[in-house]
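The structure under discussion appears below in the form of structure tokens.
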Amino acid sequence: MTQSGRHAQTVIKNANIITIDPRTPKASSLAISDGKFIAIGDNTACDSLIGPDTEVLNLSGKTVLPGFIDAHIHVLNSGIRHVMAADCDLPNIPLIQQALRDRIKETLPGGWIQGFKFDDTKTQEKRFLFKSDLDAVTTEYPIMVAHRAGHIYYLNSTALAAANFDDNTPDPPGGRLGRDPDTGGLNGVVYERAIEPIRFGLIPPETPDIRQKGLITICKMLNQVGLTSVHDARVIQTEFDAYQNGLDNAELTLRVYALMYHPHFEALKNAGIKTGFGNEFLRIGGIKMIADGAIAARTAYISEPYIGSDCDHGILAMTQEEIETNVINMHNAGFQVCIHANGDLTIDMVLDSYMKAQKLNPRTDTRHRIEHCSLVNPDILRKMRESNTIATPFCTYVYHHGEKMPFFGEERLKWMFAQKSFLDYGITSTGATDYPPGPFEPLLGIQSCVTRTDSNGKTWGVEQQISVDEALKIYTLNGAYASFEENIKGSITEGKLADLVILSDDPRTVDPNTIKDIPVERTILGGNTVFEK
Ligand SMILES: [Zn+2]
């Protein structure tokens, strides 16, 4: 018996159901009522639950999986940027200049022209944007373009002047101002925290209307690829507000675990809020901090210098002391701590802080996380195991960012995005893409983790290949674990939330190099269809 009567709302039959539940890994039918799975079994197991009002989906052997979970993705911020910034994922600089020029008519006097997803390695010119490129677009409006990886930004002269950056400005702490090697003058490139006064000061926050449009846009984009849950990797006040409005207006078609940006920590703590507050649609997650640079921008802080340089170790954005003080405060206040750390040196500093905080004040089940956790070694892996730290490595990078891998080199790639090592050491790792830096399609992420092969067919770090079954669990149940929700979602199990995705084919039986091409037929969230092909 269910609340709404004897009959199920939906029954799926003749399906290849991969449950990710070790007790019953395979099934052919399932029934949904009141937003939850109420029965799972062989092809006739749910027949008695079919009534006159039951929607019956006969899948003719198609594959059903729990809805995918991306445990590190910039959700609402990307949605907003899709609405108000130029998408600079274009093949050459003239096209990028045109895309920025097209924004001028949409921009009010005094406003900023913005671009995102610029990637120097993907353009024909294979170089950064400089202020001269952007001055050629306009000097009437300030321009800020973000690298696809974040962490590096490109400004025109007007934007540099607005920020009071001139040729004599010293590099601010935790950041760097790019300079012309001949003249020493600013070239318009701004690294890491040097951008903060612009991004969080000079650029006016977007309007609530834009945020709402952004939310609807991104929910649709992510539902289309089978995502039902996301961990938004940096949520600020205006965004949490928009999520809450989206929830009230039934526009939120993703379950959101909000990693709150660290400046909000004190206010949350003072309000008595901690990790886990909220409901199954919108929850306060961990506190997010950033300790070093980015992989795709080649600014991660690593022990051995980047290939082609004998001194470039990347950029450290927080000191050991800063990391430790913050971790201890957040740990003591009952929060999960989520620190962005890509390079091995940074990861080690963060782990030492997690272990120190736990030693000073032992808490059960903290599940602190290292966001990205890109470059590891056996010592790091042992510490992660010991401290039960979760990793959220980039899953789509090997496939998408193959041309950046030579900066790290073959040897180092054996220890990067180390899904196999995490499994071997008993560390929970998740499916994560960090979109916009990486493409967000979970099937692409699964393929990339399984094949470790880039879009040109070159394989990187074959030692870290995992099986499709392992990748599916990483993209579902492990994501639920990373938000303390493994008891309510992440597998097709009686009583869990009815979040699922229907695929045309089984990722375990197709050629692994074509997993990304399997069509997503339908995405169901809490029993309701949120995407249908
Ligand atoms: Zn991120």
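Consider the stretch 418-436 and keep the residues that are among the aliphatic types (A, V, I, L, M) and in a loop (DSSP other than H, G, I, E, B). The one that is surrounded by the fewest Cβ atoms within 10 Å (Cβ to Cβ) is Ile427. The single residue among Ile273, Ile287 that is within 16 Å of the ligand (Cβ to nearest atom) and either among the aliphatic types (A, V, I, L, M) or over 16 Å from the mean Cα position of the chain (by Cα) (or both) turns out to be Ile287. Answer yes if at least one residue in the stretch 331-350 is of a type in the set (Asp, Glu), more than 30 Å from Pro406 (Cβ to Cβ) and surrounded by fewer than 22 Cβ atoms within 10 Å (Cβ to Cβ), and no otherwise. No, the stretch 331-350 contains no residue that is of a type in the set (Asp, Glu), more than 30 Å from Pro406 (Cβ to Cβ) and surrounded by fewer than 22 Cβ atoms within 10 Å (Cβ to Cβ).
The residue list Ile502, Ile492, Ile488 contains one member that is surrounded by fewer than 21 Cβ atoms within 10 Å (Cβ to Cβ), among the aliphatic types (A, V, I, L, M), touching a strand residue (DSSP E or B) at 6+ places or on another chain (Cβ under 8 Å) and within 18 Å of Leu525 (Cα to Cα), which is Ile488. Counting only strands (runs of 3 or more DSSP E) that sit completely within the stretch 1-114, those holding 1 or more residues that are exposed (fewer than 14 other Cβ atoms within 10 Å of the Cβ) correspond to 55-58. Scan the stretch 143-156 for residues that are closer than 20 Å to Pro109 by Cβ and either in contact with an Asp or Glu (Cβ under 8 Å, 6 or more places away or on another chain) or free of Cβ contacts under 8 Å to residues at least 40 places away in the same chain (or both) and the total you get is 1. Evaluate the following for Ser374: is it closer than 22 Å to Phe118 by Cβ, in contact (Cβ under 8 Å) with a residue 40 or more places away in the chain, touching a strand residue (DSSP E or B) at 6+ places or on another chain (Cβ under 8 Å) and among the hydroxyl-bearing types (Ser, Thr, Tyr)? Answer is yes for this residue. Take the stretch 1-33 and flag every residue that is more than 31 Å from the chain's Cα centre (by Cα), at pLDDT 95 or above and over 20 Å from Gly526 (Cβ atoms). The answer is Lys13, Asn14, Ser28.
Pairing residues of the stretch 61-87 that are hydroxyl-bearing (Ser, Thr, Tyr) with residues that are within 13 Å of the ligand (Cβ to nearest atom), at Cβ distances under 7 Å and at least 6 apart in sequence or on separate chains, gives Ser78/Tyr435; Ser78/Pro436. Applying the condition of being within 14 Å of the ligand (Cβ to nearest atom) and of a type outside the set (D, E, K, R) to the stretch 220-243 and asking which residue is farthest from Tyr435 (Cα to Cα) yields Ile236.
Screening Lys356, Lys414 for residues that are in contact with a Gly (Cβ under 7 Å, 6 or more places away or on another chain) and surrounded by fewer than 21 Cβ atoms within 10 Å (Cβ to Cβ) leaves exactly one candidate, Lys414. Within the stretch 440-451, one or more residues are among the aromatic types (Phe, Trp, Tyr) and either within 24 Å of Ala297 (Cβ to Cβ) or in contact (Cβ under 8 Å) with a residue 60 or more places away in the chain (or both). Within the stretch 437-444, does at least one residue satisfy the condition of being within 16 Å of the ligand (Cβ to nearest atom), surrounded by fewer than 24 Cβ atoms within 10 Å (Cβ to Cβ) and at pLDDT 95 or above? Yes: one or more hits. Scanning the stretch 452-468 for residues that are surrounded by fewer than 21 Cβ atoms within 10 Å (Cβ to Cβ) and touching a residue at least 60 places away in the same chain (Cβ under 8 Å) yields one hit, Thr453. Kindly check whether there is at least one residue in the stretch 157-174 that is touching a residue at least 60 places away in the same chain (Cβ under 8 Å), away from the ligand (no atom under 16 Å from the Cβ) and more than 22 Å from Ser78 (Cα to Cα). There is at least one residue in the stretch 157-174 that is touching a residue at least 60 places away in the same chain (Cβ under 8 Å), away from the ligand (no atom under 16 Å from the Cβ) and more than 22 Å from Ser78 (Cα to Cα).
Here is a yes/no grid of residues against (1) in contact with a Phe, Trp or Tyr (Cβ under 6 Å, 6 or more places away or on another chain); (2) within 26 Å of Ile446 (Cα to Cα); (3) away from the ligand (no atom under 16 Å from the Cβ); (4) touching a residue at least 12 places away in the same chain (Cβ under 8 Å):
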{"position": "Asn92", "(1), (2), (3), (4)": "no, no, yes, yes"}
{"position": "Ile96", "(1), (2), (3), (4)": "no, no, yes, yes"}
{"position": "Ala99", "(1), (2), (3), (4)": "no, no, yes, yes"}
{"position": "Phe116", "(1), (2), (3), (4)": "no, yes, no, yes"}
{"position": "Asp119", "(1), (2), (3), (4)": "no, yes, no, yes"}
{"position": "Leu129", "(1), (2), (3), (4)": "yes, no, yes, yes"}
{"position": "Tyr141", "(1), (2), (3), (4)": "no, no, yes, yes"}
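Scanning the stretch 250-262 for residues that are of a type outside the set (D, E, K, R), in contact (Cβ under 8 Å) with a residue 24 or more places away in the chain and away from the ligand (no atom under 16 Å from the Cβ) returns Leu252, Thr253, Leu254. Would you mind stating whether Leu525 is over 18 Å from the mean Cα position of the chain (by Cα) and touching a residue at least 24 places away in the same chain (Cβ under 8 Å)? Yes, satisfied. Strands (runs of 3 or more DSSP E) fully within the stretch 136-248 that include at least 1 residues being within 27 Å of His340 (Cβ to Cβ) and among the small types (Gly, Ala, Ser): 143-147, 175-179, 186-192, 227-235.
The values are calculated or read from the model by the stated rules, or taken from the named source; none is laboratory data. Given the structure is predicted, the values throughout are model-derived calculations rather than measurements. Reconstructed Cβ throughout: ideal geometry from the backbone, glycine too, with neighbour counts over all protein chains shown.
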